[in-house]
Amino acid sequence: MHPPEVLTPDVALIGGGPAGLMAAEVLAAAGHAVTVFDAKPSVGRKFLLAGKGGLNLTHSEPFEPFVGRFGDRAPQIESLLRGFDADALRAWAAGLGVETFVGTSGRVFPTDLKAAPLLRAWLHRLRVAGVKFAMRHRWAGWSDTGALRFQTPEGERLVTPRATLLALGGASWPQLGSDGAWVPWLAERGVDVAPLQPANCGFDVGPTTAHPGSPGWSERFATEFAGQPVKPVALATEGFAARPGEFVITATGIEGSLVYAASRALRDAIATTGSATLHLDLLPQLTPERVLAEVKHPRGSRSLSSHLKSRLHLGPLKFGLLHELLTREQMLDAPTLAAALKHLPLTLHAPRPVAEAISTAGGVRFEALTDGLMLQAAPGVFVAGEMLDWEAPTGGYLLTASMASGRAAAHGMAAWLARSNAPLPATLG
């Protein structure tokens, strides 16, 4: 049996997502021989998936509120964004021939809304700069001698670079390569890793009035309404101020933009107390006084659903929610029903699994890193992207911060290499 082939690139970047590719761009421009390793046949797969509904590159809001979206990690993220913020990202895209525009929500998109043209232009620039790509190379930790181990179709390969960047993503969308397999390998090296959790995720509902025996919607409600959006609506929960928007009914609970925005508060409440209760304003355009007056208006021989549709334009889905969450007595009591229309409690039982989430919370804690994003427990090994311990709502925040972290890590690697007396190894061909 032949021993595994040993490769010695100058710099090994593991993970071909936005953070890894941005680091490759910076390091190649500085004259380093760079190889990007990725487990899949091509790079940028999650990036392309994100662009299916229109690539949300970043957000146009001012710097301070932008940074504030990262919560407890805002101080660490601020230092990254000082080097590459939303305006810098838009200028970078323009340099690739991709112009951008600001949507009505403040989100920033390419003018054609597509991810593929930007990725193609980016990869072309990287190849022209000399960046090499090693596809179908799945990282499998370190060997006993400290070499990087890769599983490939041709067997195991060992790589001994001067510096390594880990940009492997979190644990969401594992089918695209981000499966969190790296957690135990870093933990074995003494790296402090916060547990990976779902972020920007959906939730399963707890027992309802219509389905009291176990968590979940009643079969009738789930069959009729799963996949349908609830709008207009406002949502509030402890730690998350009331916000208008929309969400979607699923077979087991709720998901969608408004739920994602509140997901951190909801997930943390479930972790602390076993459940989380949110409150829905089903008629955010109307005052409580107006709602009460319309509910109390004589309905004659009309059914309650017809009455609410006529007086309040309440559709079947919102009426179905009332039936799921209120008793018959509450439905027939006008003041109680009117109050519920403006403040309907919904208890959530659990977040959906991290593999279904849009992004991942947790990861390598910043306290385990130097200012240059190098692991204190593993000199020469740097970390960037969603592997870091942060989370933020959807809206381009995570993509911007991932790319900013890739640039910051690249600068950290370049500085570390400049201090190193080790000779440059041969470039991987």
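Summary table below
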item: Any hit, the stretch 180-191, residues being crowded, with 16+ Cβ neighbours inside 10 Å, among the charged types (D, E, K, R), in the same structural domain as L399 (by TED's automatic domain parsing) and touching a residue at least 24 places away in the same chain (Cβ under 8 Å); result: no
item: G20 vs. criteria touching a residue at least 12 places away in the same chain (Cβ under 8 Å), assigned by TED's automatic domain parsing to the domain that holds G130, within 21 Å of the chain's Cα centre (by Cα) and under 30 Å from Q151 (Cβ atoms); result: yes
item: The stretch 343-358, subset in a strand (DSSP E or B) and not β-branched (V, I, T), residue nearest to C201 (Cα to Cα); result: P351
item: Some residue of the stretch 319-340 being closer than 25 Å to A265 by Cα, touching a Pro at 6+ places or on another chain (Cβ under 6 Å), of a type in the set (A, V, I, L, M, F, W, C) and in contact (Cβ under 8 Å) with a residue 40 or more places away in the chain; result: no
item: Unmet criterion (only one of (1) more than 30 Å from T104 (Cβ to Cβ); (2) outside any loop (DSSP other than H, G, I, E, B); (3) under 20 Å from the mean Cα position of the chain (by Cα)) for A265; result: (1)
item: Flag if A93 is in a helix (DSSP H, G or I), touching a Leu at 6+ places or on another chain (Cβ under 8 Å) and under 25 Å from H411 (Cα atoms); result: yes
item: Answer residue from the stretch 359-394, given it is of a type in the set (G, A, S) and assigned to a strand (DSSP E or B) and is nearest to W416 (Cα to Cα) among those; result: G363
item: Residue match in the stretch 146-160 (condition: at pLDDT 95 or above and either assigned to a helix (DSSP H, G or I) or in contact with a helix residue (DSSP H, G or I) (Cβ under 7 Å, 6 or more places away or on another chain) (or both)); result: no
item: Any pair with Cβ under 7 angstrom, 6 or more apart, that starts in the stretch 57-79 at a residue that is farther than 11 Å from A392 by Cβ and assigned by TED's automatic domain parsing to the domain that holds K114 and ends at one that is of a type in the set (D, E) and assigned to a strand (DSSP E or B); result: none
item: Residues of the stretch 107-118 classified as in a loop (DSSP other than H, G, I, E, B) and surrounded by 13 or more Cβ atoms within 10 Å (Cβ to Cβ), total; result: 4
item: Verdict on A350 being under 30 Å from the mean Cα position of the chain (by Cα) and either buried (at least 19 other Cβ atoms within 10 Å of the Cβ) or farther than 19 Å from E294 by Cα (or both); result: yes
item: The listed residue being assigned to a helix (DSSP H, G or I), in the same structural domain as H343 (by TED's automatic domain parsing) and of a type in the set (D, E, K, R), out of R220, R243; result: R220
item: Boolean, A378 is surrounded by 16 or more Cβ atoms within 10 Å (Cβ to Cβ) and of a type in the set (A, V, I, L, M); result: yes
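To keep it simple, each residue is scored yes or no on (1) in contact with a Leu (Cβ under 8 Å, 6 or more places away or on another chain); (2) more than 30 Å from G20 (Cα to Cα).
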{"residue": "V191", "(1), (2)": "yes, no"}
{"residue": "N200", "(1), (2)": "no, no"}
{"residue": "A210", "(1), (2)": "yes, yes"}
{"residue": "T223", "(1), (2)": "no, yes"}
{"residue": "Q228", "(1), (2)": "yes, yes"}
{"residue": "K231", "(1), (2)": "no, yes"}
{"residue": "G253", "(1), (2)": "yes, yes"}
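Every residue, every condition in (1) β-branched (V, I, T); (2) touching a strand residue (DSSP E or B) at 6+ places or on another chain (Cβ under 8 Å); (3) surrounded by 16 or more Cβ atoms within 10 Å (Cβ to Cβ); (4) within 22 Å of E246 (Cβ to Cβ), yes or no:
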| residue | (1), (2), (3), (4) |
| --- | --- |
| D281 | no, yes, yes, yes |
| E289 | no, no, no, no |
| V295 | yes, no, yes, no |
| P298 | no, no, no, no |
| S301 | no, no, no, no |
| S310 | no, no, no, no |
| E329 | no, no, no, no |
| A340 | no, no, yes, yes |
| T360 | yes, yes, yes, no |
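The values are calculated or read from the model by the stated rules, or taken from the named source; none is laboratory data. Just so it is clear, the structure is predicted and the values come from calculations on it, not from any experiment. Note that each Cβ is placed from the backbone with ideal geometry, even for glycine, and that neighbours are counted across all protein chains shown.
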